[in-house]
Amino acid sequence: MINISNSKISIFCQKAIMVLTVLCAFVLIFFNTKSIFPLIIPKTIMFRIVVELMTIFYLILIYVDKKFLPKWTKLNIAILIFAIISLISGFLGVSPSRSMFSTAERMNGNFGLLHFVALIFILSSVINNKNSWIKIFKSWTLIYAITNLFCFIASRNPNSMIQKYNSEPTRYVGLTGNSTFAGVFLLLNAFLCLYIFFEQIEQNNSQSQNSKTQANTILFFILFLFNSFLLFLTGCRGSMLSWLTSMGILLITLIIFDYPKLNKFFHINIKKWATVLIVIFITAIITLFSLRETKFIQNIMPLQRLTSITIFDASSTSRLIVSNIAIKSALQKPLLGWGPENFEIAYQRNFNTDIVDVLPLENRFDKVHNMILEIFVTTGIIGLISYLCIFYVAYKELKNINSINFWPKIILAICILSYFIQNIFLFDVIEGYLLLFMIFAFISSQSTPIKTKFKPTKITVPHWLQTIILIIVCAILCFTIYNYNVLVFITATKHKKAESLIQSGQIEQGITAIKEKYNTDTFINNFLIYGDLELLSNGDLTKFSKPQIEDIYLFINQQLDKLIKQEPLNLKLYIAKLVNILSKLRWNKNLTPEDIQLAKYTKTSIDQLKLTLPDTDIYFLQILINSPSKQDQLEAVKLLKQFHATYPKIAIAPWILGNYLVNNNQYKEGLKYLK
């Protein structure tokens with residue numbers, strides 16, 4: 001028997017988990033301009049803290065009430081298996097630390113995946129009532145509707161905060177800062193609204209209808225249309241194609257199967273209207289593509305983006321090249337891959353120079369932009385099979401659920417399918433992952449647990465031992481909240497503070513702030529050091545004294561040495577070493593033999609690790625051509641000519657070469673390169 005005090009604790013913990021679940025909705029609209037990546041890091045940190053707090057309440061809940069022990073459904077097990085394979089792949093991969101914590105820009109990794117696994121186990125085990133889930137989904141979609149409305153209005157103002165962090169001002173980004181991230185978020189949000197609409201249709205037909213319930217039902221259909229409208233304003237072709245494909249499947253399903261309740265609600269013949277809409281869809285698409293060169297189509301951004309889909313444009317061609325690199329890399333490590341988040345290393349090891357002809361200015365890729373290939377190259381064939389099994393098991397579990405009617409099931413299936421389709425063109429981001437896992441948790445909560453003779457509730461563990469385990473695990477979670485979340489966020493804000501001080505001319509305080517960041521060892525330090533170099537190299541050097549310049553140069557070199565020991569395959573850290581030497585050249589106008597020796601050692605290290613990017617050669621050759629040794633300078637000229645022959649579309653090589661030749665009285669040849 002559960003005593004009264006335990007019963008109260010149980011109720012409190014359940015309510016706390018419910019509140020935190022609703023609070024999760026605010027994760028995707030959370031931002032902080034005092035942090036680096038203000039629309040990424042704050043979101044992820046908030047999500048992780050919410051899940052870790054949720055886990056503490058859940059542990060207390062199962063401590064006092066064993067009926068809430070983890071629910072072992074097929075979907076939960078499939079996700080857990082994928083997470084275990086991902087962890088093994090990460091530990092055996094080329095960069096275990098990167099696999100675990102990812103990068104400051106992405107904030108994914110196995111550490112993030114474990115939070116999603118915890119989320120699905122907790123929610124599917126605690127919230128079993130379908131109506132409770134409907135209320136959660138309603139609250140989430142309404143929160144996002146209000147947010148998107150304000151963001152849409154704000155996006156009309158070019159000086160708004162929304163547009164400040166929007167690299168493509170003509171496209172809608174909401175509070176994601178990236179049109180592709182906004183696309184996947186709006187895609188899932190739209191179909192979630194449509195699911196609620198269909199659930200309301202089912203409930204309205206089982207209850208007495210009135211104007212209030214009808215208005216409530218219509219509201220979510222309007223929200224579906226609103227999210228769909230914003231989705232097309234993102235101009236994200238992957239999300240638009242996914243939406244069109246999913247809607248086509250839905251309309252065909254409405255033609256094949258009768259839905260009298262929907263007929264009754266709209267007072268129309270749905271089959272006829274679905275047929276008409278299919279014809280309109282096909283006609284519209286054919287018309288748009290046939291008129292895509294006209295000014296009318298070109299002046300409407302969503303239509304221009306949609307009709308520009310071709311395998312011959314720069315974006316598609318570059319992704320095909322990257323996909324080929326991914327396949328080649330995956331075949332080199334076919335079983336468990338290179339480790340999650342390590343595609344960038346695989347990409348550099350198998351770099352294809354053809355990509356420079358397509359994207360001469362932006363040829364770095366840390367993601368495949370195809371989630372199936374991303375999983376294949378990073379976790380191998382074993383990881384890919386387990387990943388695909390998640391979607392298959394989700395479909396099978398959804399099909400067998402009795403508490404969800406046929407048509408709402410269809411919408412949930414289409415929602416998951418739409419996510420899968422758009423991931424052929426993108427990679428997982430928190431804006432999509434969180435909504436997907438909420439849908440998975442809902443499906444799992446309504447599924448029947450697997451039958452097994454093993455009954456965890458019958459295991460007798462002394463109460464004192466349970467108490468000790470609970471205290472230890474909760475203490476570890478509190479440590480995790482502080483060390484891997486709070487400290488990371490504080491460090492991210494310190495970087496912005498240092499940036500602000502340097503830019504405002506408070507050099508001494510800025511240098512002190514830069515140094516203070518590295519007192520805390522966090523997984524984002526490898527990005528911060530590169531950010532510091534960009535800040536200093538782009539700053540007004542007349543405000544720095546010579547001792548300050550020498551001090552910060554030596555400090556950054558020391559930090560880079562420490563970071564390279566932690567991540568020996570992080571090419572950006574080696575590039576940072578070269579950039580630091582170039583910064584010194586800019587400061588002092590000349591380099592010492594020791595600087596040249598350091599540059600040569602760094603380049604040799606890169607070559608030995610078989611890491612390749614055009615940037616590396618350019619930075620090194622800029623240093624070498626400024627060597628005090630004439631022999632080094634002539635070697636740099638030779639290598640620059642070879643580089644220009646390999647990468648004729650990268651303009652900086654002939655610019656460096658031309659300037660050197662002109663300055664050395666070789667005007668005719670120098671001007672040829674400068675032209």
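Key figures for this structure:
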| read-out | value |
| --- | --- |
| Using alpha-carbon coordinates, inclination of helix 630-646 to the longest axis of the chain, degrees | 40 degrees |
| Per-pair calculated FRET efficiency, R0 = 30 Å: residue 361 and residue 299 via Cβ, rounded to 0.05 | 0.70 |
| Under Karplus coefficients 6.51, -1.76 and 1.60, residue-wise ³J(HN,Hα) of the stretch 41-55 in Hz, glycine/proline x | 4, x, 4, 5, 4, 4, 4, 5, 5, 4, 5, 5, 5, 4, 5 |
| Gyration tensor over alpha-carbon atoms, the stretch 1-80, equivalent ellipsoid semi-axes in Å | 31, 17, 9 |
| Solvent-accessible area per residue for the stretch 385-457 (1.4 angstrom probe, square angstrom) | 40 Å² |
| Extension gain, residue 281 back to residue 400 (0.36 nm per residue minus Cα-Cα distance, nm) | 39.6 nm |
| Average silhouette area of the stretch 565-641, convex hull of alpha-carbon atoms, in square nanometres | 5.0 nm² |
| Reduced Cα scattering model of the stretch 470-563, Debye log10 I(q)/I(0), q = 0.11 Å⁻¹ | -0.37 |
| Those lysines that a straight Cα-Cα span of less than 28 Å connects to residue 672, excepting residues fewer than 8 apart in one chain | 589, 630, 638, 641, 649 |
| Ellipticity estimate at 222 nm from DSSP helix runs (n ≥ 4, -39,500 (n - 2.57)) divided over the chain, nearest 500 | -24000 deg cm²/dmol |
| Relative counts (whole %) of C-alpha pair distances in the stretch 68-195, using bins that are 10 Å wide | 11, 26, 31, 24, 7, 0 |
| Charged-residue dipole, Cβ positions (Lys, Arg, Asp, Glu), the chain about Cα centre, Debye nearest 20 | 1420 debye |
| Alpha-carbon centroids, the stretch 411-442 and the stretch 1-74: separation in whole Å | 21 Å |
| Degrees, to the nearest 10: 507-517 long Cα axis against longest axis of the chain | 50 degrees |
| For the stretch 308-337 and the stretch 154-184, distance of Cα centres in Å | 28 Å |
| Inter-site label distance for residue 312 and residue 30 at 7 Å from Cα along Cβ, in nm | 4.8 nm |
| Rg/Rg_ref, the stretch 176-333, where Rg_ref = 2.2 N^0.38 Å and atoms are Cα | 1.29 |
| Nearest 10 degrees, 0 to 90: helix 546-566 Cα axis against the chain principal axis | 50 degrees |
| Given charges at Cβ of Lys, Arg, Asp, Glu: the chain dipole, positive-most of 334, 214, 650 | 214 |
| Alpha carbon convex hull of the stretch 377-484, projected area averaged over orientations, nm² | 10.7 nm² |
| Förster radius 60 Å - calculated FRET efficiency between residue 519 and residue 666 (Cβ-Cβ, nearest 0.05) | 0.75 |
| Förster radius 22 Å - calculated FRET efficiency between residue 634 and residue 550, Cβ distance, rounded to 0.05 | 0.15 |
| Two-site label geometry, residue 159 and residue 267: point separation in nm, points 7 Å out along Cα→Cβ | 4.9 nm |
| Accessible area of the chain belonging to carbon and sulfur atoms, whole % at 1.4 Å probe | 64 percent |
| Cα pair distances exceeding 49 angstrom across the chain, given as percent | 21 percent |
| Those chymotrypsin sites (Phe, Trp or Tyr not before Pro) in the stretch 277-346 that DSSP places in a loop and that have at most 12 other beta carbons within 10 Å | 312 |
| Segment residue 253-residue 381, length gained on full extension (0.36 nm per residue, minus Cα span) | 42.7 nm |
| Given 212/399; 517/600; 34/164; 565/600; 43/610; 67/451, the pairs whose alpha carbons are separated by over 25 Å | 212/399; 517/600; 43/610 |
| Equivalent ellipsoid semi-axes, the stretch 179-260, via Cα gyration tensor eigenvalues times 5, rooted, Å | 26, 16, 8 |
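The values are calculated or read from the model by the stated rules, or taken from the named source; none is laboratory data. A quick note: this is a predicted structure, and the numbers were derived from the prediction, not measured. Methodologically, a virtual Cβ is constructed for each residue, glycine included, from the backbone with ideal geometry; neighbour enumeration extends over all protein chains shown. Calculation scope for accessible area: heavy atoms of the full protein, side chains included, ligands and nucleic acids excluded. Shrake-Rupley method; radii C 1.70, N 1.55, O 1.52, S 1.80 Å.
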